[in-house]
Structures are given as C-alpha cells and as structure tokens.
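Note sheet for the following structure.
The values are calculated or read from the model by the stated rules, or taken from the named source; none is laboratory data. In this text, all values refer to a predicted model and were calculated from it rather than measured experimentally. Every residue, glycine among them, receives a Cβ derived from its backbone with ideal geometry; neighbour counts consider all protein chains shown. Calculation scope for accessible area: heavy atoms of the full protein, side chains included, ligands and nucleic acids excluded. Shrake-Rupley method; radii C 1.70, N 1.55, O 1.52, S 1.80 Å.
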Amino acid sequence: MPKKILIVGGGLAGTIVGNGLSRKLGPELAKGEVVITMLGATDQHMYQPGLLYIPFGRIRESELFRDQRKVLDRRVVFHVDPVTHIDVDKQAVSTKSGKTHGYDYLVLATGSRCMPQNIPGMSEAAHWFYELDAARKMRDALDKFQGGKVVINVNAPHKCPVAPLEITFMLYEYFEAKGILDKVQITYTYPIGRLHALEPVAHWALPQMEQRGIKYETFFNTKSVDPKAKTITSEEGVTLPFDLLVTIPPHQGQQVIADSNLGKGGWVPTNPKTLHREGSTNVFVVGDTTNIPISKAGSTAHFEADTLIDNLTSLLTEGRWARDYDGKVYCFVETGLKTGTYVWFNYTTPPNPGPPSQMIHWFKLAYNRLYWLSARGLL
Ligand SMILES: Cc1cc2nc3c(=O)[nH]c(=O)nc-3n(C[C@H](O)[C@H](O)[C@H](O)COP(=O)(O)OP(=O)(O)OC[C@H]3O[C@@H](n4cnc5c(N)ncnc54)[C@H](O)[C@@H]3O)c2cc1C
C-alpha cells in the first residue's frame, strides 16, 4: 500500500509543501510507494501580499491570481473540494462533496481569515485591504478622499506583521503625491503599549511616525465603530473621530478547524520546532493556522514548509527526523511608495530593521513577480 500524504489547503504553505515533496519524493511517487493529495477550497491561487498595492492602483488584479493546478506539481492529486471535518483519531478527512479521505500523514495548511464582523460597526464603516473586494472599495474611497481625519486601526491577531506599518507610510506618501497632505491628520492605533508587537520594530517605527507627524494611540483594543457618528471606540474608553477609517481586522483560523475541535478560534496547537499538531505524531501544521506565537506571514509559512518537506522526506525514505524549525521569518517592509526596508528574525535573533532604501523597495516589487517561482519551489 502506498503511503498517503494528505494536504488540506492549497495556499502558500500547502502549495510549497506539495511541490517540494513531489520533487524530493520523485522516485517514490514514480514507483507508487507514495501518493500526495491536496484538498483545496478554490481552483485559484492568490498572491495575498499583492493586495497591499490595490488601494493605490499599483498592481493589476490579474497579477494576483494563477490557476492552482498550474502552480502545483502535476504529481500532486488536486481536488477542489472544501474540507468539512477532520477526524485525527480515525485518520479521516471529510469533504463538502461527501467524500472521505484517509491518510498516513496529514498536513494542515488552511490559513486564516479576516473577521471585521467581530467588531460592531466595523464592516459597515471601515476600509481594509486584506481581501480583494474590500481593497477595491478602499481604492474607490481613496480616489474620492479630499482630506480629513484618517484612523489606521490595527487589531490582533492578524497576518503579515508589517502590513499595518506599510499601509501607514504608503498612505502618507499617497496623500503627499495627491497634494492634500496638509488637509490630512493620520492617527495609528495599536492594541498593546507600543507601535508593534516586535519590540525592535516598534522602536524603529516610532521616529518614522514622528518625522511624518503621524499621531498614535497605543493600548487601543477596538470595542466598536459607530458608522453614523464616524467614531471608533476602544475597550480602554478612548473615542476617535474619523473621516476615513482603515482597519487591519482581527483574524481567526478556519471554521473547519474549530468545528473539528482542533483548536480554539481555528488556531491549531502546534509544536514550535517540530510543527507536529500537539498530541499527534502524523499530523503537521504549517502557515497561519498554527498557534505558534510568531508572525503569521508568507515567509513564516515558506520556512515552515521547507522544514516539513525535509522531515517528511527523511521520515519516509530513511525513517529519521531531519531538522527542527528555527522560527525564521523574513519580510520586506514598504516605507512609502518609493522606499523599503526588511526584517528577518528567528526564535533566538530579534529583528533589526535597517534604514529605508529604494533598492529594497525594488526588491519587494521584484519578489511580487518572483513569488510564482517561489510557490513552485524554484526560488
Ligand atoms: C495584504 C496582505 C499583505 C501581506 N504581505 C505579506 C508580506 O509582505 N510578507 C509575507 O511574508 N506575508 C505577507 N502576507 C501574509 C501571507 O499572505 C500569509 O501569511 C500566507 O498566505 C499564509 O499562508 P497559508 O498557506 O498559511 O494560508 P493561505 O495562503 O491563506 O492558504 C490557505 C488555503 O487554505 C484554503 N482553505 C481554507 N479553508 C479550507 C477548507 N475548509 N478546505 C480546503 N481548503 C481550505 C484556502 O482556500 C487557501 O487556499 C500578507 C497578507 C495580506 C492579506
């Protein structure tokens, strides 16, 4: 009987795992000793970091999408059939079409989702760029905006640790280029007592904001938004008026994870080094859906996926463990419309953002196109 590897979720992490395993287990796949199957919710693969540029009209929507079948190695059996239940005791995964898939190894890579509806009034009054329709609406709102109070409101948890800072600096330069900066007051809110969860990034961001005259409100845990009065209020009792509200909505994992009792809020308890689901030896978790207390980012998903590829290959071909995940994350950070910097860090080395430069901004733009090679495992 072939060993069955089942991947749930065909986003960034699941795709890299599927492609990497296909390459490393080529001989075993050819001999029928291993079968890799992926269950996805859609036939389209979206490059989510590209959404950052939609409100500014700086990326074509067609650049964000590819057919998942074309991104995926042809040796991976791919079904568009959303998973409705995962039973790790019976090693069985059920799908919307009524099928049941067994497995020897299960890879959970279902990502995370925005939940603006969790905060009263937010969906009606706020703009966000984390989803395509919302990013389009934000672009239309920016087109019409002629000045006033702009609140950039960050909620946790959320994916892409640096996107809130990027949108703040990009908006600043967008208003400047539009010639309305003198009519705009930007206020950035953050739920804890500094500007970013990563302390060195918070220290770096402070002078960047002060130089630009951007106000900030820390310890701001959003309680509600009043769409009529155009105000946003925190649990701490602070109310801010706005003419334009841009939010990073709070996130949750997928419903199927919570419904299958695999993790509260859809976050799966995961060993931070081995990436095992806590309590399982044949269930692995990669990408946003883990509960590991590090940034939920594409690069996190990528480095986790690389680790898992090595480990599953070694387990299947040599019966040994290869290596642990070291917590590596690497993110480009736009610091405006023309400059950028980057952060990298792991479990033992903190981030240390450097001075913004044009070159790093160009690297980020180049990576937006190279992503498709990266997803195929060629980069
Ligand atoms: C605006 C924005 C900017 C970003 N910028 C950056 C950046 O600069 N750098 C960076 O590193 N990261 C960035 N990210 C974050 C990055 O995109 C995510 O962290 C990454 O996509 C996570 O990968 P994943 O595979 O865990 O989840 P996803 O890529 O979201 O994939 C999850 C997949 O699971 C599927 N799925 C869900 N439920 C089911 C189900 N029931 N059955 C089957 N399939 C299911 C989904 O359809 C999806 O295909 C950004 C994200 C956004 C939104």
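Given (1) in contact with a strand residue (DSSP E or B) (Cβ under 9 Å, 6 or more places away or on another chain); (2) open to solvent by 10 Å² or more (accessible area, probe 1.4 Å), identify the lone condition not met by residue 166.
(2)
Spot the failing condition for residue 1; the list is (1) more than 11 Å from the ligand (Cβ to nearest atom); (2) touching a residue at least 12 places away in the same chain (Cβ under 8 Å); (3) not in a helix (DSSP H, G or I), and only one is missed.
(2)
Among the residues of the stretch 6-36, how many are over 19 Å from residue 257 (Cα atoms) and not in a helix (DSSP H, G or I)?
Selection size over the stretch 6-36: 7.
Name the residues in the stretch 107-121 that are of a type outside the set (D, E, K, R), within 12 Å of the ligand (Cβ to nearest atom) and either open to solvent by 30 Å² or more (accessible area, probe 1.4 Å) or not in a strand (DSSP E or B) (or both), would you? Steps first, answer last, please.
Kept after step one, since they are of a type outside the set (D, E, K, R), are these residues of the stretch 107-121: 107-112, 114-121.
Okay, now just the ones that are also within 12 Å of the ligand (Cβ to nearest atom), so 107-112, 114.
Result: 109, 110, 111.
Counting only residues that are at pLDDT below 95, surrounded by 11 or more Cβ atoms within 10 Å (Cβ to Cβ) and not in a helix (DSSP H, G or I), how many does the stretch 354-379 have?
Residues flagged as at pLDDT below 95, surrounded by 11 or more Cβ atoms within 10 Å (Cβ to Cβ) and not in a helix (DSSP H, G or I) within the stretch 354-379 amount to 4.
Which of the residues that make up the stretch 257-282 are hydrophobic (A, V, I, L, M, F, W, C) and either at positive phi or surrounded by 22 or more Cβ atoms within 10 Å (Cβ to Cβ) (or both)? Even if it seems obvious, please write down each step before you answer.
Within the stretch 257-282, the first condition is being hydrophobic (A, V, I, L, M, F, W, C), and the residues that meet it are 257-258, 262, 267-268, 275.
Correct list: 257, 262, 267, 268, 275.
Output the residues belonging to the stretch 317-353 that are among the aliphatic types (A, V, I, L, M) and either touching a residue at least 60 places away in the same chain (Cβ under 8 Å) or in a strand (DSSP E or B) (or both).
From the stretch 317-353, those among the aliphatic types (A, V, I, L, M) are 322, 329, 333, 337, 343; that's our starting set.
Across the stretch 317-353, the qualifying residues are 329, 333, 337, 343.
How many residues are in contact with a strand residue (DSSP E or B) (Cβ under 6 Å, 6 or more places away or on another chain), of a type outside the set (A, V, I, L, M, F, W, C) and either under 27 Å from residue 65 (Cβ atoms) or surrounded by fewer than 18 Cβ atoms within 10 Å (Cβ to Cβ) (or both) when one looks only at the stretch 336-353?
Total satisfying the criteria: 2.
Please work out which residue is nearest to the ligand (Cβ to nearest atom), limiting yourself to the stretch 42-85 and to residues that are open to solvent by less than 60 Å² (accessible area, probe 1.4 Å) and assigned to a loop (DSSP other than H, G, I, E, B).
82
On the basis of being out of contact with any Phe, Trp or Tyr (no Cβ under 8 Å at 6 or more places or on another chain), of a type in the set (Val, Ile, Thr), modelled with pLDDT of 95 or more and closer than 24 Å to residue 317 by Cβ, does residue 5 make the cut? Steps first, please.
Numbers: out of contact with any Phe, Trp or Tyr (no Cβ under 8 Å at 6 or more places or on another chain): no; of a type in the set (Val, Ile, Thr): yes; modelled with pLDDT of 95 or more: yes; closer than 24 Å to residue 317 by Cβ: yes.
No.
Could you tell me how many of the residues in the stretch 283-293 are more than 11 Å from the ligand (Cβ to nearest atom) and either open to solvent by 30 Å² or more (accessible area, probe 1.4 Å) or in contact (Cβ under 8 Å) with a residue 40 or more places away in the chain (or both)?
Step one: filter the stretch 283-293 for residues more than 11 Å from the ligand (Cβ to nearest atom), giving 283-284, 291-293.
Narrowing the set further to residues that are either open to solvent by 30 Å² or more (accessible area, probe 1.4 Å) or in contact (Cβ under 8 Å) with a residue 40 or more places away in the chain (or both) leaves 283-284, 291, 293.
Going through the stretch 283-293 one residue at a time, the tally reaches 4.
Mind counting the residues in the stretch 135-173 that are within 16 Å of the ligand (Cβ to nearest atom) and either in a loop (DSSP other than H, G, I, E, B) or over 20 Å from the mean Cα position of the chain (by Cα) (or both)?
11
Just the residues that are within 10 Å of the ligand (Cβ to nearest atom) and either surrounded by fewer than 16 Cβ atoms within 10 Å (Cβ to Cβ) or under 27 Å from residue 371 (Cα atoms) (or both), please, taken from the stretch 86-106.
Step one: of the stretch 86-106, the residues within 10 Å of the ligand (Cβ to nearest atom) are 86, 93, 95-96.
Answer for the stretch 86-106, where residues must be within 10 Å of the ligand (Cβ to nearest atom) and either surrounded by fewer than 16 Cβ atoms within 10 Å (Cβ to Cβ) or under 27 Å from residue 371 (Cα atoms) (or both): just 96.
Could you go through the stretch 124-134 and let me know if any residue there is open to solvent by less than 20 Å² (accessible area, probe 1.4 Å), out of contact with any His (no Cβ under 9 Å at 6 or more places or on another chain), within 13 Å of the ligand (Cβ to nearest atom) and more than 15 Å from residue 248 (Cβ to Cβ).
no
For the stretch 296-306, which positions are buried (at least 24 other Cβ atoms within 10 Å of the Cβ) and either over 12 Å from the mean Cα position of the chain (by Cα) or more than 8 Å from the ligand (Cβ to nearest atom) (or both)?
Within the stretch 296-306, 304, 305 qualify.
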